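The values are calculated or read from the model by the stated rules, or taken from the named source; none is laboratory data. This is a predicted model, so every value here is computed, not measured. Backbone-built Cβ (ideal geometry, glycine too); neighbour counts: all protein chains shown. For accessibility, only protein heavy atoms count, side chains too; no ligands or nucleic acids. Shrake-Rupley method; radii C 1.70, N 1.55, O 1.52, S 1.80 Å.
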Amino acid sequence: MPAPVSKPDDPALLRIDGPIATITLNRPAAFNAINLAIAQKLEQLAAYIEGADDIRVLVLEGEGRAFCAGGDLQTIGAAAEGGTVTPVVGELLKHYHAFIEILRRMPKISLSSVHGSAAGAGMGLAFVTDLCIAADDAKFTPAYAKIGVSPDGGSTVGIVGTVGSRRALQIFLAEDNFTAQQAYEWGLVAKTVPATELKAATRQLAERLAQNPPAAIAGTKQLVYQAATTPVKQQLDAEEHKIIMAMNSEAFRTAVKKFTSKAK
């Protein structure tokens, strides 16, 4: 299946460089707010990446001054006024949540690269990826409670599993916003770097992640995400199955030969 061809005015752009794919949110005039068009495009691009055997890492970034301002309140506000919130937001979230499901299940690592503002569903997107790197001046804004709603867009999926329920309640209900340094201290961000170094540092981390063989990435990701809800015996059986599968790969045999030759 050929890679989708991105046009300059697409709401999300795809770039592939070896084992690393990059999706760029491309509505800079709207601070990359999520509307139906961007949700549909994200679902389409993620579905391609999920099935592309040569891609090991997906980077998510935003064009312009912000990573993502969350849901498009222009569209959602108009729907609320017109009494069409249920079908309008339902259709939007059908595609956007399908995109989030792909991110979490695909046998590749997803890495969000955050600069500027990440608010509402944009904050959720930053933390629903497997890892997050952020500019040191990035700002995260929960935003939901202020407009009288609860989180969506995978916000509780990514945040609760990392920080626990009490910190999550603090984030969603008691924080107007928080810094990249706070997010790092809470375990939500893997690394903070100066804003001028974000692109280079993101590329460096993505390349490091891409050095892992596909079986190691896929097996580790699945095991980590299921560990919290899987009985011990079932988890141990899954570990056994995954590691034996990986040990039957050429990548493992090559790595072991390299390791043992150094040990002599």
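Any idea what the relative contact order of segment 121-203 is, in percent, if you count C-alpha pairs under 8 Å spaced at least 6 apart? Intermediate values should be presented prior to the final figure.
Numbers: 114 pairs, mean separation 36.9, N = 83.
This gives 44 percent for segment 121-203.
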Problem set entry | Shape of segment 120-235, Cα gyration tensor, a/c cut at 1.5 | oblate
Seminar exercise, completed: Between the Cα axis of helix 85-105 and the main Cα principal axis of the chain, the angle (0 to 90°, nearest 10) is 20 degrees
Exercise. If you build a Gaussian network model of the chain, linking Cα atoms that sit under 10 Å apart, which residue out of VAL157, VAL57, VAL88 swings the most?
Worked result: VAL88
Exercise. Considering only protein heavy atoms, what per residue accessible area in square angstrom results for the chain with a 1.4 angstrom probe?
Worked result: 53 Å²
Exercise. When the Kirkwood hydrodynamic radius is evaluated over all pairs of different C-alpha atoms of the chain, what value in angstrom, to one decimal, is obtained?
Worked result: 19.4 Å
Seminar exercise, completed: The relative contact order of the chain, taking Cα pairs under 8 Å that sit 6 or more residues apart, comes to a percentage of 16 percent
Exercise. Projected onto the charge dipole of the chain (+1 at Lys/Arg Cβ, -1 at Asp/Glu Cβ, origin at the Cα centre), which of VAL256, PRO231, LEU73 gives the Cα projection farthest towards the positive end?
Worked result: VAL256
For this session: Starting from the Cα gyration tensor of segment 1-79, multiply each eigenvalue by 5, take the square root, and state the resulting semi-axes largest first in whole Å.
Result: 24, 13, 10
Exercise. Which percent of the accessible area of segment 1-153 is formed by carbon and sulfur heavy atoms (probe 1.4 angstrom)?
Worked result: 56 percent
Problem set entry | Interchain or long-range residues, amide H under 5 Å from VAL114's placed H | ILE133, ALA134, ALA135
For this session: Restricting things to alpha carbons, tell me how big segment 173-213 is in terms of Rg and Dmax, in Å.
Result: 13.2, 41
Problem set entry | Most fluctuating residue given options ALA29, ALA39, ALA66, as computed from a GNM of the chain linking Cα atoms under 10 Å | ALA29
Problem set entry | Rounded percent of accessible protein surface that carbon and sulfur make up, segment 179-264, 1.4 Å probe | 61 percent
For this session: Please build a GNM for the chain, connecting alpha carbons under 10 Å apart, and tell me which residue among THR84, THR22, THR202 fluctuates the most.
Result: THR84
Seminar exercise, completed: Treating only Lys and Arg (+1) and Asp and Glu (-1) as charged, each at its beta carbon, one finds that segment 186-259 has a dipole about its Cα centre, in Debye to the nearest 20, of 220 debye
Seminar exercise, completed: Note to self, the chain gives a 222 nm [θ] from helices alone (DSSP H runs n ≥ 4, -39500 (n - 2.57) apiece, / all residues, nearest 500) of -16500 deg cm²/dmol
Seminar exercise, completed: So GLU81 and LEU173, fully extended at 0.36 nm per residue minus their Cα-Cα distance, gain in nm 30.6 nm
Seminar exercise, completed: Scoring segment 164-264 by relative contact order with C-alpha pairs under 8 Å, at least six apart, yields a percentage of 15 percent
Exercise. Efficiency by 1/(1 + (r/R0)^6): what FRET value for LYS7 and ALA145, r their Cβ-Cβ distance, R0 = 30 Å, to the nearest 0.05?
Worked result: 0.20
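For segment 96-150, what value does the Rg/Rh ratio take when both radii are computed over Cα atoms and Rh is the Kirkwood radius, given to two decimals?
Result: Rg/Rh = 1.01.
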